[in-house]
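A.B. asks: Structure below; questions to follow.
The values are calculated or read from the model by the stated rules, or taken from the named source; none is laboratory data. None of these values were measured; they are calculated from a predicted model. Here the Cβ positions follow ideal geometry from the backbone for every residue, glycine too, while neighbour counts run over all protein chains shown.
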């Protein structure tokens, strides 16, 4: 985005790399950003200016929440007056009703980031399995071709259902990036079903796995949406304001100063900004009152269901810079002192957030995975690509740094072909990681065409096509192309066949 | 790359069953530990590679694991990281914290050995891998030839069982396991090589006879302690169909045991044997069909 609006408009109109719908959205973003009506505090302005905080390009005049997580179960139960839909009686009506709702969700990007816990929603309608497969294929193809955004997320419950099996089978077969997918993992989930999910993950790079026990404890009835964001069902992630921790060392004298003065100051800046944006969305735009989702009870306007997302990136860079760490054995993810300090920083941040009264709903801490403009900036509290230690230590570090990320975090590992012959290998790692307190893990086969970029999925072949200036259906490809070059994402350490 | 097949040698004079320095705590030479392995048995396993082997296969994929160090000091001079030094007692000392894993020492060594060996007690070994325990099904002892350390393994596996993990051995089968009662009591499964199908082929390839591997396979299968047998398929060196026919006949009646057919690959092979051909996919498929026709249910080609 430049300062010259005419230039911006012409650029969007002429961009050969985007589809019509993407163009339309880019035009709307220019309009939205032409006025600035959110009332920020001095502290927030200071942090926007010094680069340690960003609004994630949500726009200067937010007229919708970032994420909207409707209660699809309730919707299927009661139908919708506004959409003139009766409760469905068979799987075709269920799929039809869901598609109608998907196209009427007011959230940033104009596309739903959550399309429901699909197996739970559809299992009651599965009578004939061949028929169900046809209907579910119809749903998945429609979602992939029209929502066309890998930030769109479907969940699967831990139960072994016919609907769940069909979804896994189709996901493996279709090899499409949208929707992204998460299985809510429980230790007591049927082994055979877990194996089917892992088998799909190794070929399709999805589903990923969420620690059901932990997230249920933190968020109640939850959904995993977009890039590992965790939100309550029937809730909204109103806005996501991100703390760029790699910028904090320049504001601090030394590690103690960063911990005791800068972190509290930065938390104030971010929480102020969240409150300001929420105020605009709720009070100025009357977001809730202006949507039938709220009128029909599919989203709720109460403390438990309104989440202001406090995002962070670059813990690794922050720690390495302030402690002046060069030696590979001493840097974040390797040195005991660095990791201990990093853990303290995370704890301090959580304490400060908890101390602070939230103007609307509550704050959720989210390990953000990055935006395409980032370079030399590691997602959340992860270890930088290229510096990963042995897998067990990487997982242990991931657990330590993300204990308080109630609004989501993720870590991902590419695996060699040899691991694909042995899904129990992944099952053991999952079980171990989750029993130790990991919140979320993704795996994918190193030779699969679908690649996780920073959290979302794109096809390697689409990135290549985009770089040759052809249109691709998936909007996230645009992000993926930039991100893969700036962050070396395709250079991740491959697991399972090391020596 | 992981090296799949890899055992060997010849001249094993007095193997002590792991009892180095009798009278002191038992120690064994550990060449390498792979924290998470997908190819060393059931599920995710920590693989521990012991130094020293009693076969000397022509195509050995990691010849540096065959012999123990003779402390000639040649590698101390070539190490670029200063991780190797010569002690006052004239022994090569290895500092793992300085090692950059460049393998210069292995290239320097003319003795089929490695200076990067740690002589560890079973307790030290357990502590070394403790952080991995939550994530693994168990450990696999490999080598070199791990059965040369059977007393040490008995002690180590006792500790592993106390941690409620499984204990596997990856062995060439040359040392009879069936009468090692204490070891068997703490051992869950073995994975045994079957490198050739005739006595002549086996001697030509490994320098040792076929009798013990076959008997180990039979006996371990009979007591439910055989996870898989492994055959490295090497064109022209041995009669691969004979090998697979023999292997299949040994395990066809034991449905849980799998047959792993491994394509010979050039990685790591000594230069004088680098001319050996890699088998084609068609050859591998023929052998798979042969094993299946003989009644083996679970066959993996890799």
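A.B. asks: Out of everything in segment A:386-400 that is touching a helix residue (DSSP H, G or I) at 6+ places or on another chain (Cβ under 6 Å) and either within 23 Å of residue A:213 (Cα to Cα) or more than 14 Å from chain B (Cβ to nearest Cβ) (or both), what residue ends up being surrounded by the fewest Cβ atoms within 10 Å (Cβ to Cβ)?
C.D. replies: Ranking the qualifying residues of segment A:386-400, first place goes to A:400.
A.B. asks: Select the helices (runs of 4 or more DSSP H) contained entirely in segment A:129-221, then report the ones holding at least 1 residues which are within 17 Å of the chain's Cα centre (by Cα) and over 27 Å from residue A:414 (Cβ atoms).
C.D. replies: In segment A:129-221, A:212-219 are the helices (runs of 4 or more DSSP H) which contain 1 or more residues that are within 17 Å of the chain's Cα centre (by Cα) and over 27 Å from residue A:414 (Cβ atoms).
A.B. asks: Next question, about the same structure. Would you confirm whether any residue within segment B:135-146 is at negative phi, away from chain A (no Cβ under 14 Å), in a helix (DSSP H, G or I) and buried (at least 22 other Cβ atoms within 10 Å of the Cβ)?
C.D. replies: Taking every residue of segment B:135-146 in turn, at least one turns out to be at negative phi, away from chain A (no Cβ under 14 Å), in a helix (DSSP H, G or I) and buried (at least 22 other Cβ atoms within 10 Å of the Cβ).
A.B. asks: Related question: Kindly indicate which of B:101, B:112 is buried (at least 16 other Cβ atoms within 10 Å of the Cβ), in a loop (DSSP other than H, G, I, E, B), on the phi > 0 side of the Ramachandran plot and at pLDDT below 95. Outline the logic, then answer.
C.D. replies: Details: B:101 fails: buried (at least 16 other Cβ atoms within 10 Å of the Cβ).
It is B:112.
A.B. asks: A further question follows. Can you report the number of residues in segment A:401-441 which are within 22 Å of residue A:365 (Cβ to Cβ), within 14 Å of chain B (Cβ to nearest Cβ) and in a loop (DSSP other than H, G, I, E, B)?
C.D. replies: 4
A.B. asks: Can you say whether residue A:261 is in a helix (DSSP H, G or I), surrounded by fewer than 19 Cβ atoms within 10 Å (Cβ to Cβ) and touching a strand residue (DSSP E or B) at 6+ places or on another chain (Cβ under 7 Å), as far as the supplied structure shows?
C.D. replies: Values: in a helix (DSSP H, G or I): yes; surrounded by fewer than 19 Cβ atoms within 10 Å (Cβ to Cβ): yes; touching a strand residue (DSSP E or B) at 6+ places or on another chain (Cβ under 7 Å): no.
When the stated conditions are applied, residue A:261 does not pass them.
A.B. asks: Do we find a residue being within 20 Å of the chain's Cα centre (by Cα), closer than 23 Å to residue A:241 by Cα and not in a loop (DSSP other than H, G, I, E, B) anywhere in segment A:335-342? Please lay out each step first, then the result.
C.D. replies: Of the residues in segment A:335-342, the ones within 20 Å of the chain's Cα centre (by Cα) are none.
Within segment A:335-342 (the criterion being within 20 Å of the chain's Cα centre (by Cα), closer than 23 Å to residue A:241 by Cα and not in a loop (DSSP other than H, G, I, E, B)), the answer is no, since none of the residues qualifies.
A.B. asks: For segment A:156-181, how many residues meet the condition of being under 18 Å from residue A:98 (Cβ atoms), out of contact with any helix residue (DSSP H, G or I) (no Cβ under 7 Å at 6 or more places or on another chain) and at pLDDT 95 or above?
C.D. replies: Selection size over segment A:156-181: 0.
A.B. asks: Of the residues B:91, B:45, B:27, which single one is farther than 30 Å from residue A:430 by Cα, touching a strand residue (DSSP E or B) at 6+ places or on another chain (Cβ under 8 Å) and at pLDDT 90 or above?
C.D. replies: Numbers: B:91 fails: touching a strand residue (DSSP E or B) at 6+ places or on another chain (Cβ under 8 Å); B:45 fails: farther than 30 Å from residue A:430 by Cα.
When all the criteria are applied, what remains is B:27.
A.B. asks: How many of the residues making up segment B:211-243 are within 14 Å of residue B:184 (Cβ to Cβ) and in a helix (DSSP H, G or I)?
C.D. replies: Of the residues in segment B:211-243, 5 are within 14 Å of residue B:184 (Cβ to Cβ) and in a helix (DSSP H, G or I).
A.B. asks: Being at pLDDT below 95 and buried (at least 19 other Cβ atoms within 10 Å of the Cβ) is the filter here, so list the residues in segment A:30-54 that pass it.
C.D. replies: A:54, the sole residue that qualifies.
A.B. asks: Determine the pairs where a residue that is more than 7 Å from every other protein chain (Cβ to nearest Cβ) and crowded, with 24+ Cβ neighbours inside 10 Å, located within segment B:25-41, has a partner that is assigned to a loop (DSSP other than H, G, I, E, B) and modelled with pLDDT under 90 with Cβ atoms under 6 Å apart, the partner being 6 or more residues away or on another chain.
C.D. replies: Note: pairs meeting the criteria are B:28/B:18.
A.B. asks: Okay, next question. Kindly list the number of the only condition in (1) in contact with a helix residue (DSSP H, G or I) (Cβ under 8 Å, 6 or more places away or on another chain); (2) under 27 Å from residue A:163 (Cβ atoms); (3) not in a helix (DSSP H, G or I) that fails for residue A:89.
C.D. replies: Evaluating residue A:89 over (1) in contact with a helix residue (DSSP H, G or I) (Cβ under 8 Å, 6 or more places away or on another chain); (2) under 27 Å from residue A:163 (Cβ atoms); (3) not in a helix (DSSP H, G or I) leaves (1) as the failure.
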